[in-house]
Amino acid sequence: MKKKFALFLVAAAIIGSLAACSDKENQGSENTESSEVAAAAGLRQDPYAQEDFLLGTYIRLRVYDEGKEDALQPAFDRIAELGDKITINQAGSEIDKINEQAGVESVEVSEDIYDLLKHAYQYSEESDGGYNMAIGAITQLWRIGFDDARKPEQSEIDEALEHIDYRKIQFNDAEQSVYLEDEKMIIDLGAIAKGYIADEVVKALEEQGVTSAIIDLGGNIFVMGHSWRGTNEDWNVGIQDPNNNRGTILGSIKESDKTIVTSGIYERFLEVDGERYHHIFDSKTGYPYDNDIASVTVITDKSIDGDGLTTVIFDKGVTEGLAYIEEETPEGTDAIFVTKEGRVYVTEAIQETFVLDENSGYEMGDRSELE
């Protein structure tokens, strides 16, 4: 039985790496069925839908409850509100204010941001830096994903590594304030921000009476309730192929009331002298992780947990990552690993429910052959 590891018992209030195969605009096995299938009672076959470019990606929300179109705008308002508070690439955000006052004074923040920061610290602490909320000195040095991305000099990386100790972040619960002891420290919550926001969108939709929806924050998918195709019918969710264009799937799995979070080396990268550097950084080296993983998908109850876990198990590699999910996380948490060699490995609980597309070009790996 899995241990109830404290890191993932989060009562949390972050690509385009999955395709939720739920309506006729999406890819996957849902599309192979007749469009004449009757919708479940109270649900629509054609959802109320809205999309916008926020958080540096395309956000797509689809609501299937009849008469709940008005629930979309409050959800988007919540996304915009949180995005403005969290980003470190937009002047005036609450995280920017903390970073600007590093080594100077503490900064009072909103309840949302304080809650997120405390959870980020818990992830950092429990994973022993596998997830590191203070990685900003490294990410801002490389700037992968931005026009000014570059490969830094080794001396610059060595210097930045001196300023990523998350243990130098002080919290004052009474004042709801945060202080960075190191004046060169930079908090960067990019690795879990979308997960936190996805969970908040679920809350916003639930408050509007929504029971069936798909939330797509570009890599953080949350399938609410059941599919319109029938009572207790799960959603069919496609898993992104890490070596092809966004929306190309390698397989699928059926889930309901779950989040499916994928992170991979294909998303954002920098090429220098024929070598590709992706955006998921190792706190020990200051370079992107260099292991056998091309992408990892985590299936769990909270999207913020999925975000934190993808980073933690990227740090571990396939063999240790599989063991970690199976032995150290709560029941109902599973993962799909895709290696650079084109093999797919899944945790034991979903071996019968994950379906690899026979035309994907990938093959299921034999775990007995893993070192």
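Normalised Debye scattering of the chain at q = 0.06, 0.08, 0.09 Å⁻¹ gives log10 I(q)/I(0) of -0.22, -0.39, -0.50, counting only Cα atoms as equal scatterers and leaving out solvent. Rolling a 1.4 Å probe across all protein chains gives K254 an accessible area of roughly 100 Å².
A Förster radius of 30 Å combined with the Cβ-Cβ distance from E275 to T248 puts the calculated FRET efficiency at roughly 0.75. From the square roots a ≥ b ≥ c of the eigenvalues of the alpha-carbon gyration tensor of region 267-371, which class results: rounded (a/c under 1.5), prolate (a/b over b/c), or oblate? Note, shape of region 267-371 comes out oblate.
Surface analysis of region 107-218 yields an accessible area of 41 Å² per residue, using protein heavy atoms and a 1.4 Å probe.
Could you do me a favour and compute the accessible area per residue for region 291-363, 1.4 Å probe, result in Å²? It would help to have the intermediate numbers written out before the result.
On the way: 2630 Å² over 73 residues.
I get 36 Å² per residue for region 291-363.
Which FRET efficiency value, to the nearest 0.05, do you get for E159 and Q73 by plugging their Cβ-Cβ distance into 1/(1 + (r/R0)^6) with R0 = 45 Å? Step by step, r from the Cβ atoms, then E = 0.50. Taking every protein chain into account, the 1.4 Å probe leaves F146 with about 90 Å² of accessible area, to the nearest ten.
Tally up the carbon and sulfur contribution to the accessible surface of the chain as a whole percent, 1.4 Å probe, everything protein left in place. In the chain, the share of accessible area belonging to carbon and sulfur is 41 percent. The calculated FRET efficiency for the pair L356 and D46, based on their C-beta separation and a Förster distance of 45 Å, comes to about 0.90. For the pair region 216-261 / region 276-310, the C-alpha centres are spaced 19 Å from each other.
Applying a DSSP loop filter and a limit of 15 other Cβ atoms within 10 Å to the GluC sites (Glu not before Pro) in region 135-224 leaves E153, E175, E181, E183.
The values are calculated or read from the model by the stated rules, or taken from the named source; none is laboratory data. What you see is a predicted model, and the numbers here were worked out from it, not measured in a lab. Note that we place each Cβ from the backbone using ideal geometry, even for glycine, and neighbour counts take in every protein chain shown. Accessible surface areas use protein heavy atoms only, side chains included; no ligands, DNA or RNA. Shrake-Rupley method; radii C 1.70, N 1.55, O 1.52, S 1.80 Å.
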